[in-house]
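The values are calculated or read from the model by the stated rules, or taken from the named source; none is laboratory data. In this text the structure is predicted, and so the values were computed from the model without any measurement. Neighbour counts are summed over all protein chains in view; Cβ atoms, including those assigned to glycine, are modelled from backbone coordinates with ideal geometry.
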Amino acid sequence: MHLGKKIERIRELKGMKQDTLAGLLGVSQQTVSRLEQSEKIDEERLVRIADVLGVSVEGIMKFNEDGTINIFSSSLHDSAGSYNNCPVFHFNPVEKIIELYETIIKQKDDMLKLKDEVIEMYKNNRQAS
């Protein structure tokens, strides 16, 4: 799987839309679409994307959807990991919820910061005119 597809899948797994990622990166949705179709992405941009997605650059580079699905699938179908045919999860759901909220709050803060920067830039452009 090429780098753009890995970014696309990670974005989708995080429940993020292209336009949201675009806003956080300060680019257009079309630019994100082109990025997700690219086999190679320059390192500076990759670092920024990884930061916005909340993963490491190495995590993007080594992302393997089959491995991710297999890990999840085997944890649901492992007879040693179930009780009365109910899956036993090996993580604390409350911690995952907290992690999700922290991610959402960080994304919201990033978007507000971007909004403030755009407003400031607009004000500066109007004053220069």
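Could you tell me which of the residues F63, F89 is surrounded by 13 or more Cβ atoms within 10 Å (Cβ to Cβ) and at pLDDT below 90? Step through it out loud before you land on a result.
Details: F89 fails: surrounded by 13 or more Cβ atoms within 10 Å (Cβ to Cβ).
After ruling out the rest, the residue left standing is F63.
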For the stretch 2-61, which positions are under 17 Å from I104 (Cα atoms), small (G, A, S) and without any contact (Cβ under 8 Å) to a residue 12 or more places away in the chain? G15, A22, A50
Quick one: how many residues across the stretch 1-47 are touching a Leu at 6+ places or on another chain (Cβ under 7 Å) and surrounded by fewer than 17 Cβ atoms within 10 Å (Cβ to Cβ)? 5
